[in-house]
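Where a number appears in this text, it was derived from the coordinates with a stated rule and is not lab data. Quantities reported herein were computed from a predicted structural model and do not represent experimental measurements. Using ideal geometry, Cβ is built from the backbone for each residue, glycine included, and neighbour counts are taken over all protein chains shown.
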Amino acid sequence: MLGEGILKGMVETARNFAGSYVSKDRLTTVEYPEERIAPKENARQFPFLVFDGNDPMAGLRCVACQICEKECPPKCIYIEKSKDKKPDFVGKMQFYPATFDIDVSVCMSCQICVEVCPFDAIKMDQEYELSNDDRFGGLLLNKTRLAKSNEYYGKMHPQEAGAIDESRLKTKEAAEAKVKADAEAKVKAAAEAKAKEAQPPTAPPNKGA
């Protein structure tokens, strides 16, 4: 029948319109921006840098290895490595990014930077309201604007963040256990050396006997 598809569509529209007064499931319109649909856990927009603790710059996980910069298809990541080092979460001295910029006007949200990062330092954000009247500087994000806490990351991706936190905790505990074992071994070696020095010298055998 000619126009049957149009009629079916109009009937469905009328059903939803009338049903919206009695059923919330039929109320499909979201009054944005007063109402917002919560994004799915796997939703992704643009990258951000994860930091631990309360100080964004001191707690950045990034060690400026520059793998993400090299692997980025549109080349929108720019990193400068620091001259000095700072301790990471296990106390190992690491470089950190003196400069870390992402041009989100070029970023294609491919998530390759996340996949290649060996330190779980860069993740995909769910923030999509990035409209800006500065088409260049406003969309060039430096490390201060990119840095977001691990708690923020945990709210967006609770399962993934929880697994990473557990893995990092085990790594930290193993490192602390190794440091403790090394310290105990040094104390034991020093005590054995001191005890050996305190022993009286052994008398040489009497050849004339």
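Which is under 18 Å from the mean Cα position of the chain (by Cα) and of a type in the set (K, R), of R15, R36, R44? Spell out the reasoning first.
Values: R15 fails: under 18 Å from the mean Cα position of the chain (by Cα); R36 fails: under 18 Å from the mean Cα position of the chain (by Cα).
So the residue among R15, R36, R44 that is under 18 Å from the mean Cα position of the chain (by Cα) and of a type in the set (K, R) is R44.
Looking at segment 16-34, is at least one residue within 22 Å of R145 (Cβ to Cβ) and outside any strand (DSSP E or B)?
Of segment 16-34, the ones within 22 Å of R145 (Cβ to Cβ) are 33.
Filter again for outside any strand (DSSP E or B), leaving 33.
Scanning segment 16-34 turns up at least one residue that is within 22 Å of R145 (Cβ to Cβ) and outside any strand (DSSP E or B).
Being over 30 Å from L130 (Cβ atoms), surrounded by 10 or more Cβ atoms within 10 Å (Cβ to Cβ) and not hydrophobic (A, V, I, L, M, F, W, C) is the filter here, so list the residues in segment 6-41 that pass it. Steps first, please.
Restricting attention to segment 6-41, the residues satisfying the condition of being over 30 Å from L130 (Cβ atoms) are 6-26.
In the following step, the residues that additionally are surrounded by 10 or more Cβ atoms within 10 Å (Cβ to Cβ) were identified as 7-20, 23, 26.
Within segment 6-41, K8, G9, E12, T13, R15, N16, G19, S20, S23, R26 qualify.
Of all residues in segment 70-95, which are within 24 Å of L139 (Cβ to Cβ) and either touching a residue at least 40 places away in the same chain (Cβ under 8 Å) or surrounded by 17 or more Cβ atoms within 10 Å (Cβ to Cβ) (or both)?
E71, C72, C76, I77, I79
G3 fails exactly one of the following numbered conditions: (1) surrounded by 12 or more Cβ atoms within 10 Å (Cβ to Cβ); (2) more than 16 Å from Q94 (Cβ to Cβ); (3) of a type in the set (G, A, S). What is the number of that condition?
Every listed condition holds for G3 apart from (1).
If you take the residues in segment 159-175 that are touching a residue at least 40 places away in the same chain (Cβ under 8 Å) and exposed (fewer than 14 other Cβ atoms within 10 Å of the Cβ), which one is nearest to the chain's Cα centre (by Cα)?
Q159
Go through segment 107-129 and give me each residue that's touching a strand residue (DSSP E or B) at 6+ places or on another chain (Cβ under 6 Å), surrounded by fewer than 17 Cβ atoms within 10 Å (Cβ to Cβ) and part of a loop (DSSP other than H, G, I, E, B).
Listed by number, the list holds a single entry, Q111.
Considering only residues that are in contact with a Leu (Cβ under 9 Å, 6 or more places away or on another chain) and in a helix (DSSP H, G or I), look in segment 137-158 and name the one that is surrounded by the most Cβ atoms within 10 Å (Cβ to Cβ).
Restricting to residues being in contact with a Leu (Cβ under 9 Å, 6 or more places away or on another chain) and in a helix (DSSP H, G or I), the top hit is L146.
For I112, work out the one condition from (1) within 14 Å of C68 (Cβ to Cβ); (2) in contact with a Leu (Cβ under 9 Å, 6 or more places away or on another chain) it doesn't fulfil.
Of (1) within 14 Å of C68 (Cβ to Cβ); (2) in contact with a Leu (Cβ under 9 Å, 6 or more places away or on another chain), only one is false for I112: (2).
Within the group A161, A181, A189, A175, which residue is under 22 Å from A64 (Cβ atoms) and either among the acidic types (D, E) or not in a strand (DSSP E or B) (or both)? So that I can check it myself, show each step before the final result.
Numbers: A161 fails: under 22 Å from A64 (Cβ atoms); A181 fails: under 22 Å from A64 (Cβ atoms); A189 fails: under 22 Å from A64 (Cβ atoms).
The conditions single out A175.
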